[in-house]
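Structure first, commentary second.
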Amino acid sequence: MRRFLMAVATSWLVIGLMLASYLGGDLPKAALFQCVAMILLADAFFYSVFRSRLNLRCRDPNLTIEQMVTSIVVMMYAMYAANEGRAVFLWVLLMIFLFGVLQLTIRTLLAFAAGILLGYGAVIALLWRGRPETLNVVQELLQWCALAITLPWFAVMGGFISGLRKKLHKRNEELQGLLQRVQASETGLAQAQRIAGLGGWTFDPVQRSIILSAETYRLFGLDPSRVALFGKEILDLLHPQDRQRYIDMLRPALYEGLAFDGKFRIVWPNGEVHWMHTMGEPVIDEQRCTTLLRGTIRDITEQHLLQEKLRLEAEQAASARANLVDAIDSLSDAFGLFDADDRLVMCNSQYARHFTDFDDFESIAGMRFEDLVRLSLAKGEVIEPAFRGHVEDWIKERIRRHRNPPAEPHELQLSHARWLKISEQRTRSGGIVGVRRDISVQKQLEQRQAMEYSVTALLAEAKTLRDAAPKIIQTICMALGADGGAFWNLDKQEQLLRCYASWSTGTPAMRQFLALSCQQSYMPDSNGLIGRVWRSGAPVWVADIALESGFLRAEIALKSGLHGAFAFPVSIGSGPYGVMEFYLPDARPCEPALMELTRAIGSQIGQFIARKTAEEEIRQLAFYDPLTSLPNRRLLSDRLHRALAASARSKRHGALLFIDLDNFKTINDTLGHGKGDLLLQQVAARLISCVRKVDTVGRQGGDEFVVMLMDLSETAPQALLQAQTIGEKIRAALNQPYDLASSVLYNSASIGATLFDGYSASSENLLKQADQAMYQAKAVGRNALRFFETALQSAANLHARREADTKDQAQSKLGSRDLPMTPPLD
């Protein structure tokens, strides 16, 4: 439409020229009106086309060719109709031609030039033929030649200019598109920088100029429309403490071409301090010189404050953890914390040293509890007796106790007699936390106190050493964790140390070892453990049997799973009496306190033996005859009281025999008291051989003996017959000759007897009755058996007298043997 308005303006200029030509007489009036009409009609037509936008359907929306053709036709008609002054119209034709110079190509312009020349030539020809009077041929031809020269040149130049114009227009459009895209990119970049809080900058080290993005200004707390920053102004914004570091950061980039990455502080105009993080890289030319630095900058104040906070919190946490670790490590108890996967999270050095060969947590951090148990077993952890020989079962049991901690603390024995009291509980996260207190000293003290107390109690309750020895061995084994032990005593006849008593845990290996040990005997001066203790009179500790060359049973001990041993003497006064020996399942170092305790226990056992020996001697003196070792009067009286009570309970009779040797005083006076004592001892032996185990033989005093018969028949006649039979057996035995060293002696005895039951008289009366019966036997001539005179026992006495008379008659034929007869000495 703009070009149409330019054409309309040109047409009105043409109308003005035509009017001037009319006024000058060059253009007839009719031609004027015809030309004006044609121009107006053309303007109206083209206006309607442009108005209706029909021109947009054409290849050239400006309709340049159409307007030029219409204008040329009108001008050609005007030139033909004009009388003179056609040069004016030629200038108009030139203007019309120039109208298309900047729009049409060279070919089109040359076509228009040819058309104008042809048209002008046709006008000249028509005028020459029809109106020659209006034609100046020479002038017209000159003008035609001028057009012929001018129009092609204008066509070429105009087409070239038109091509350049189109290219320029196209380039401008491209540049405009690029500009729009760059503007859009810059806008997007600015928005992205604003959203991301990321600024950009460029520094030209040659021009000493710097370009900052709008976001960079904002990061610096400045308005880019009001403040322009240069190098010095930027340095002034830096925190005084960071300026030199900032310069040192840029130097490698400027002089060495290195990228950089750094942090610094910016002080805003209002005094706020912001931390910035900048990254940059240099642009290097062919000479390896930095021609430009460009990079980004970002406000990291919040991140820096957060990092500082995290750093402080981390330092505080590390400090707290270090304090916690120090506090835990300073505990005297072992502390361990396990996670839900049963891995060690934290422990102190005591824990590490208890169960492993390491001294710190770092060496065992993250280990599973099962691995720690295996390390502890390798270090010598003691397996409970129920799991001996089943290591994997013991490991499973340890894990079970660990994963399901009991409500009450439990104890665990480690190597070298060390004990731990373990208290564990589950955490909320599913882990296990526990404290392990070393109670070795307490345990040893308790065990030793209990052991000493138990030994004392056993010795106080025991009647004999044979009863007490196995229990003492068991007590010491249980207290010290030993698998077994034995008591060795001296066989005085063979002068050999033999096993007197033993005890073991009952394992097959231990029973086999004890069986093999007890089959052996040792000389008191042997080099083995028992011989060393016997000779030295002091306890001996074998820390490791495998390393002890003097342990004679090392091979079988090691095969039985024994690795340690110790022994202590049992002494009476200053001399040894026996040796207590114990066998340990693990190798242990010597414990001086235990050695002293066992020395005391050995002395205590020796005192028990001495006391029991003294008690036995006192008992012998109090209740037994020192010459014949038979019960004396006091013990006989006690046993008679017991016999009466037993007879009342059992409803059985008993009998009391009072025996007096015939002519014993004569024997003492003629042969001496020594021979008399030998006689009494042989009489005691013969009496014992004539009675049962339930019966009692005692010495009443001098040459008087008492025999108490028990468990006779329930009926009196039958009991009397039983007593008479035994009495005659005794009388016959005492009539046998006696070997009194170099002499042979014949002698007899007078026996008085009485029956008793639960309803009989007292023990004193029974002795009197038997004594009276004995005197009756002596009254009839000695060497007789008489029962206390009762209705029942009278018949027995009569029968005894008849038998005695028969024997007396037989003896009278052989001669009297009442007096001792001593054969001549060899």
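The values are calculated or read from the model by the stated rules, or taken from the named source; none is laboratory data. A quick note: this is a predicted structure, and the numbers were derived from the prediction, not measured. Heads up, the Cβs are rebuilt from the backbone with ideal geometry, glycines too, and the neighbour counts pull from every protein chain shown. Note: areas computed on protein heavy atoms with side chains; ligands, DNA, RNA excluded. Shrake-Rupley method; radii C 1.70, N 1.55, O 1.52, S 1.80 Å.
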Residue in the range 238-252 that is more than 54 Å from the chain's Cα centre (by Cα) and surrounded by 13 or more Cβ atoms within 10 Å (Cβ to Cβ) present: no
Set VAL694, VAL744: member being farther than 17 Å from PHE658 by Cα, of a type in the set (A, V, I, L, M), open to solvent by 50 Å² or more (accessible area, probe 1.4 Å) and touching a residue at least 60 places away in the same chain (Cβ under 8 Å): VAL744
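Table: residues versus (1) more than 22 Å from VAL73 (Cβ to Cβ); (2) open to solvent by less than 30 Å² (accessible area, probe 1.4 Å); (3) part of a loop (DSSP other than H, G, I, E, B); (4) of a type outside the set (Asp, Glu).
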position: PHE112; (1), (2), (3), (4): no, yes, no, yes
position: LEU117; (1), (2), (3), (4): no, yes, no, yes
position: ARG129; (1), (2), (3), (4): no, no, no, yes
position: LEU142; (1), (2), (3), (4): yes, no, no, yes
position: GLY158; (1), (2), (3), (4): no, yes, no, yes
Meets criteria (at pLDDT 90 or above and not in a helix (DSSP H, G or I)) for ARG265: yes
Inter-residue pairs, beta-carbon under 9 Å, first at positive phi and in the range 527-547, second open to solvent by 10 Å² or more (accessible area, probe 1.4 Å) and assigned to a loop (DSSP other than H, G, I, E, B), 6+ apart: GLY537/SER574
Where a residue in the range 709-720 is under 11 Å from ASP757 (Cβ atoms) and its partner, wherever it lies, is surrounded by fewer than 17 Cβ atoms within 10 Å (Cβ to Cβ) and modelled with pLDDT under 90, with Cβ under 8 Å and at least six apart: GLU714/LYS651; ALA716/LEU792
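Sort through LEU459, LEU490, LEU514, LEU497 and tell me the only one that's part of a strand (DSSP E or B), in contact (Cβ under 8 Å) with a residue 24 or more places away in the chain and open to solvent by less than 30 Å² (accessible area, probe 1.4 Å).
Details: LEU459 fails: part of a strand (DSSP E or B); LEU490 fails: open to solvent by less than 30 Å² (accessible area, probe 1.4 Å); LEU514 fails: part of a strand (DSSP E or B).
Only one candidate passes the filter, namely LEU497.
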Any chance ALA716 is modelled with pLDDT under 95, closer than 18 Å to LEU766 by Cβ, of a type outside the set (Val, Ile, Thr) and open to solvent by 10 Å² or more (accessible area, probe 1.4 Å): yes
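Please count how many residues of the range 41-66 are free of Cβ contacts under 8 Å to residues at least 12 places away in the same chain and hydrophobic (A, V, I, L, M, F, W, C). Walk me through how you get there before you give the answer.
If we filter the range 41-66 for residues that are free of Cβ contacts under 8 Å to residues at least 12 places away in the same chain, which is where we start, we get 41, 44-45, 48, 51-59, 61.
From the residues that got through so far, the ones that are hydrophobic (A, V, I, L, M, F, W, C) too are 41, 44-45, 54, 56, 58.
Total satisfying the criteria: 6.
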Filtered residue count, the range 268-289, keeping only those that are among the hydrophobic types (A, V, I, L, M, F, W, C) and not in a strand (DSSP E or B): 2
Residue list for the range 501-511, filter: open to solvent by 30 Å² or more (accessible area, probe 1.4 Å) and at pLDDT 85 or above: SER502, TRP503
Check on GLN287, under 21 Å from PRO205 (Cβ atoms) and out of contact with any Gly (no Cβ under 8 Å at 6 or more places or on another chain): yes
Failed criterion for ILE383 (all others in (1) within 17 Å of the chain's Cα centre (by Cα); (2) more than 15 Å from VAL433 (Cα to Cα); (3) crowded, with 16+ Cβ neighbours inside 10 Å hold): (1)
Qualifying position, being modelled with pLDDT under 85, under 22 Å from GLY561 (Cα atoms) and among the basic types (Lys, Arg), among ARG466, ARG398, ARG448, ARG388: ARG388
Qualifying residue in the range 394-408 (condition: open to solvent by 40 Å² or more (accessible area, probe 1.4 Å), closer than 26 Å to PRO508 by Cβ, assigned to a helix (DSSP H, G or I) and among the acidic types (Asp, Glu)): no
Where a residue in the range 268-291 is farther than 17 Å from GLU215 by Cα and its partner, wherever it lies, is of a type in the set (Gly, Ala, Ser) and open to solvent by 50 Å² or more (accessible area, probe 1.4 Å), with Cβ under 7 Å and at least six apart: GLU281/ALA259
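Here's the yes/no breakdown for (1) closer than 21 Å to PRO585 by Cβ; (2) aliphatic (A, V, I, L, M); (3) touching a helix residue (DSSP H, G or I) at 6+ places or on another chain (Cβ under 9 Å):
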position	(1), (2), (3)
ALA334	no, yes, yes
SER349	no, no, yes
PHE361	no, no, yes
ARG374	yes, no, yes
VAL382	yes, yes, no
ARG388	yes, no, yes
GLU397	yes, no, yes
GLU408	no, no, no
GLU424	no, no, yes
Qualifying residue in the range 601-620 (condition: closer than 22 Å to ASP491 by Cα, among the aromatic types (Phe, Trp, Tyr) and in contact (Cβ under 8 Å) with a residue 24 or more places away in the chain): yes
Given (1) surrounded by 13 or more Cβ atoms within 10 Å (Cβ to Cβ); (2) out of contact with any strand residue (DSSP E or B) (no Cβ under 6 Å at 6 or more places or on another chain); (3) over 18 Å from HIS354 (Cα atoms); (4) not charged (D, E, K, R), index of the condition LEU414 fails: (3)
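For residues that are outside any strand (DSSP E or B) and β-branched (Val, Ile, Thr), scanning just the range 653-686, find the one that is most open to solvent (accessible area, probe 1.4 Å). Spell out the reasoning first.
Applying the first criterion (outside any strand (DSSP E or B)) to the range 653-686 yields 653, 662-686.
Imposing the further condition that a residue be β-branched (Val, Ile, Thr) reduces the set to 666-667, 670, 683.
Numbers: THR666: 55, ILE667: 2, THR670: 91, VAL683: 0 Å².
Once the filter is applied, the top-ranked residue is THR670.
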Tally, over the range 731-764, of residues that are modelled with pLDDT of 90 or more, part of a helix (DSSP H, G or I) and of a type outside the set (D, E, K, R): 3
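Does the range 418-431 contain any residue that is assigned to a strand (DSSP E or B) and of a type in the set (Lys, Arg)?
Yes, there is a match, as at least one residue in the range 418-431 is assigned to a strand (DSSP E or B) and of a type in the set (Lys, Arg).
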Pick from the range 10-35, criterion open to solvent by 80 Å² or more (accessible area, probe 1.4 Å) and aromatic (Phe, Trp, Tyr), ranking: farthest from THR70 (Cα to Cα): PHE33
Selection from the range 45-72 of residues that are open to solvent by 80 Å² or more (accessible area, probe 1.4 Å) and either in contact with a His (Cβ under 9 Å, 6 or more places away or on another chain) or closer than 24 Å to GLY121 by Cβ (or both): GLU66
Of residues in the range 329-349 being free of Cβ contacts under 8 Å to residues at least 60 places away in the same chain and within 21 Å of ASP371 (Cβ to Cβ), the one surrounded by the fewest Cβ atoms within 10 Å (Cβ to Cβ): ASP341
Filter result for ARG634 (open to solvent by 80 Å² or more (accessible area, probe 1.4 Å), at pLDDT below 90 and charged (D, E, K, R)): yes
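Look at LEU558 and say whether it is assigned to a helix (DSSP H, G or I) and either open to solvent by 10 Å² or more (accessible area, probe 1.4 Å) or in contact with a strand residue (DSSP E or B) (Cβ under 7 Å, 6 or more places away or on another chain) (or both). If you could, list the steps in order and put the result at the bottom.
Numbers: assigned to a helix (DSSP H, G or I): yes; either open to solvent by 10 Å² or more (accessible area, probe 1.4 Å) or in contact with a strand residue (DSSP E or B) (Cβ under 7 Å, 6 or more places away or on another chain) (or both): yes.
Here the answer is yes, as LEU558 does meet what is asked.
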Residue match in the range 241-252 (condition: at pLDDT below 85 and at positive phi): no
